[in-house]
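All remarks here apply to the structure that follows.
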Amino acid sequence: MDLDSMFSGSSLQSLAKLLRDAPEEDDDDDNVPRCSVGAMTPGSVGPVKKETTSTFQVKSENKKTIWNTEEVPEGSEFDDTWDPREKPEYEISFKQHVGTEDVFFGMTGKDPSTACCEDIVIKIKLPETKYSDITLDIQDKVLDLRTPKNKLLLHLPYPVNSKEGRARFLSEEEILEVTLRVSRKLDFINFSDG
């Protein structure tokens with residue numbers, strides 16, 4: 001870059017105009033913040049941009065709705081934060097069916113990750129609860145448990161087959177054990193329709 005193009009006549013005139021229009025500095029007001037609306041900013045460089053006004057387009061057929069059903073997370077219809085019942089302690093574990101071809105030969109390609117598991121086992125501690133007081137509702141991605149003292153709304157890590165679940169109440173330990181079959185699409189690890 002040569003000096004002739006840097007100090008051309010038009011660029012020097014523009015610089016002189018900027019310096020001429022700048023207000024004079026007073027030494028008295030050094031600590032007072034200044035705000036000048038007409039000052040040069042990085043947004044002032046380049047051609048003047050026309051302001052565009054964007055309007056929010058509602059995609060749903062019903063104009064009175066404030067959100068689409070795709071925007072609402074699955075299972076949020078069960079959320080009720082006003083319920084004063086306690087959330088019980090629970091533990092989630094995964095179970096997979098392993099045969100000798102998996103253990104000794106590794107023929108099926110299964111590994112210990114949750115991607116290879118067929119079942120989700122949820123153990124919920126329900127102290128001072130009778131079996132008859134338990135209400136359990138299982139959806140594809142939500143477990144909803146309610147007792148007179150406890151309420152658990154659990155968003156499951158994988159979609160499950162709600163028709164193939166099992167639940168048993170261990171009254172000595174006061175634990176409800178829920179076993180749910182994970183419904184997965186077939187892939188290179190999961191060969192069976194589970």
The stretch 89-113 residues that are touching a residue at least 24 places away in the same chain (Cβ under 8 Å) and under 18 Å from THR179 (Cβ atoms), paired with ones that are surrounded by fewer than 11 Cβ atoms within 10 Å (Cβ to Cβ) and polar (S, T, N, Q) (beta carbon under 7 Å, 6 or more apart): none
Qualifying residue in the stretch 125-138 (condition: in a strand (DSSP E or B) and closer than 15 Å to GLU91 by Cβ): yes
Tally, over the stretch 139-160, of residues that are in a strand (DSSP E or B), within 23 Å of the chain's Cα centre (by Cα) and either surrounded by fewer than 17 Cβ atoms within 10 Å (Cβ to Cβ) or of a type in the set (Val, Ile, Thr) (or both): 4
Residue under evaluation GLU101, criteria (1) part of a helix (DSSP H, G or I); (2) at pLDDT 90 or above, criterion not met: (2)
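Would you point out the residue of the stretch 163-181, among those that are assigned to a strand (DSSP E or B), charged (D, E, K, R) and free of Cβ contacts under 8 Å to residues at least 40 places away in the same chain, that is least open to solvent (accessible area, probe 1.4 Å)? Working first, answer last.
Of all residues in the stretch 163-181, those assigned to a strand (DSSP E or B) come to 163-170, 175-181.
Those left that are additionally charged (D, E, K, R): 163-164, 166, 168, 177, 181.
Filter once more, keeping what is free of Cβ contacts under 8 Å to residues at least 40 places away in the same chain: 163-164, 166, 168.
Working: LYS163: 177, GLU164: 102, ARG166: 137, ARG168: 128 Å².
Top of the filtered list is GLU164.
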Residue satisfying all of: in the stretch 93-113; within 27 Å of the chain's Cα centre (by Cα) and open to solvent by less than 50 Å² (accessible area, probe 1.4 Å); farthest from LEU154 (Cα to Cα) among these: SER113
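Is it the case that the stretch 79-88 has a residue that's open to solvent by less than 60 Å² (accessible area, probe 1.4 Å), modelled with pLDDT of 90 or more and within 26 Å of the chain's Cα centre (by Cα)? Steps first, please.
Residues of the stretch 79-88 that are open to solvent by less than 60 Å² (accessible area, probe 1.4 Å), as a first pass: 80, 83, 88.
Those left that are additionally modelled with pLDDT of 90 or more: 88.
Of the ones still in play, those that are also within 26 Å of the chain's Cα centre (by Cα) are 88.
The answer is yes, given that some residue of the stretch 79-88 is open to solvent by less than 60 Å² (accessible area, probe 1.4 Å), modelled with pLDDT of 90 or more and within 26 Å of the chain's Cα centre (by Cα).
The values are calculated or read from the model by the stated rules, or taken from the named source; none is laboratory data. Since the model is a prediction, treat every value here as computed from it, not as a measurement. With ideal geometry, Cβ positions are generated from the backbone for all residues, glycine too; neighbour counts draw on all protein chains shown. We work out accessible area using only protein heavy atoms, side chains counted, and drop any ligands, DNA or RNA first. Shrake-Rupley method; radii C 1.70, N 1.55, O 1.52, S 1.80 Å.
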